[in-house]
Amino acid sequence: MGNRTVIILKITEKKVVSITYSLTANDQHIETVDASHPMLFLHGNSGLPEKFEDNLVGLSKGDDFHFTLLPSDAFGTREEEDIVDLPIENFYSEDGKLDSEFLAVGKIIPLTDEQNNHHKAIILEINESEKFIKLDFNHPLADKTLHFTGKIIEVREATKEELDHGHAHGLGGHNH
Ligand SMILES: [Zn+2]
């Protein structure tokens with residue numbers, strides 16, 4: 001029997017990484033991603049804060065992690081100017097009515113601006129008499145100090161196709 005070399009991949013940019021984690025923000029539990037639905041992402045392209053990815057560099061399969069991100073390294077600070085009133089007509093459907101299932105206080109809605117950038121906003125107020133909808137474009141985790149605790153489930157090389165697409169394929173990743 002010959003010698004076998006086991007290569008343990010460490011996380012670096014462009015590796016495909018699968019993790020489980022639990023997130024708290026200002027000591028409040030936000031979410032848990034467990035082993036039944038791990039998060040899969042292409043390192044350097046996760047869509048999560050850069051500092052989040054930085055904290056995983058050098059870790060390998062089976063490693064645990066615990067780290068804290070300050071708001072400045074995570075989702076920034078809340079800005080009053082990101083709370084805006086938009087004309088209610090913008091939200092009418094073709095029959096000139098509001099879709100009350102889609103539009104309700106507390107709901108998060110996707111919006112596209114004139115430059116075709118996608119945004120998410122939470123509805124703070126629907127004022128039908130004064131004909132505006134008040135939206136908060138601040139990230140729900142703005143102003144929060146985030147604490148992640150989790151485990152590296154898998155680290156692998158990205159396929160050429162994944163590198164071309166800029167995202168990971170497979171369970172928990174991009175599916176198309
Ligand atoms: Zn793809």
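The values are calculated or read from the model by the stated rules, or taken from the named source; none is laboratory data. The shown structure was predicted, so the numbers you read here are calculated from the model rather than taken from an experiment. When we count neighbours, we look across all protein chains shown, and the Cβ atoms used for this are built from the backbone with ideal geometry, even at glycine.
Condition (residue is surrounded by 11 or more Cβ atoms within 10 Å (Cβ to Cβ) and under 12 Å from L146 (Cβ atoms)) applied to region 55-62: is it met by at least one residue?
Yes, region 55-62 contains a residue that is surrounded by 11 or more Cβ atoms within 10 Å (Cβ to Cβ) and under 12 Å from L146 (Cβ atoms).
For region 167-176, what are the residues that are within 8 Å of the ligand (Cβ to nearest atom), surrounded by 13 or more Cβ atoms within 10 Å (Cβ to Cβ) and over 18 Å from T12 (Cβ atoms)?
H169, H174
Of the conditions (1) assigned by TED's automatic domain parsing to the domain that holds E157; (2) modelled with pLDDT of 95 or more, S46 clears all except one; give me its number.
Failing condition for S46: (2).
Sort out which residues of region 152-163 are more than 8 Å from the ligand (Cβ to nearest atom) and farther than 11 Å from L42 by Cα, and write them in order of number.
I152, I153, E154, K160
Show the residue pairs that are 6+ apart or on different chains and have beta-carbon atoms under 8 Å apart, the first residue being within region 111-139 and of a type in the set (S, T, N, Q), the second being surrounded by 14 or more Cβ atoms within 10 Å (Cβ to Cβ).
N127/I88; N127/I133; N127/K134; N138/R78; N138/D82; N138/I83
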